[in-house]
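Please read the structure below before turning to the comments.
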């Protein structure tokens, strides 16, 4: 599930959103209200239930072959996502929807940019689309999906490496 040219996507478990209103997320350290979405490259970060903690790593221009082999694996593609066993059932059962939004309403945020945001209300371009099997999406995109007992050892390895990475909802991971 990826956006078409001129679009960005917002993933949600709520199929009833008719208009996105900027807000400050409870967990955000930003004080300005936004509508959040992602472009083509960062869509896989959201092929998960919303509350599911996940650690993700991928090759970047400064990644070493040693780090790639150690963390991603030799001959295993250029990206890996990891979740905990406790979230496996939720990943299998979630009903996830993608909203297509007009890209012109959004601007990149972050350094480097990791998402796009709008500062005004945004109306979807059409009804939400059910996102199909999340395991199949990962497989088709060539992304390893690992299931671990605990994310923290993997996360510590990733963040100390030369790989690029992102962690989402890590506050929900086991301690």
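The values are calculated or read from the model by the stated rules, or taken from the named source; none is laboratory data. Keep in mind that this is a model prediction, so the values were computed, not measured. A quick note on method: Cβ atoms are made from the backbone with ideal geometry, for glycine too, and the neighbour counts reach across all protein chains shown.
Given the criterion out of contact with any helix residue (DSSP H, G or I) (no Cβ under 6 Å at 6 or more places or on another chain), surrounded by fewer than 19 Cβ atoms within 10 Å (Cβ to Cβ) and more than 26 Å from residue 147 (Cβ to Cβ), identify the matching residue among 35, 26, 116, 94.
On the way: 35 fails: surrounded by fewer than 19 Cβ atoms within 10 Å (Cβ to Cβ); 116 fails: surrounded by fewer than 19 Cβ atoms within 10 Å (Cβ to Cβ); 94 fails: more than 26 Å from residue 147 (Cβ to Cβ).
After ruling out the rest, the residue left standing is 26.
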Q. Got at least one residue in segment 47-67 being at pLDDT below 95 and under 17 Å from residue 1 (Cα atoms)?
A. yes
**Q.** Residues (surrounded by fewer than 21 Cβ atoms within 10 Å (Cβ to Cβ) and out of contact with any helix residue (DSSP H, G or I) (no Cβ under 8 Å at 6 or more places or on another chain)) located in segment 59-73
**A.** 60, 61, 62, 63, 64, 65, 66, 67, 69, 73
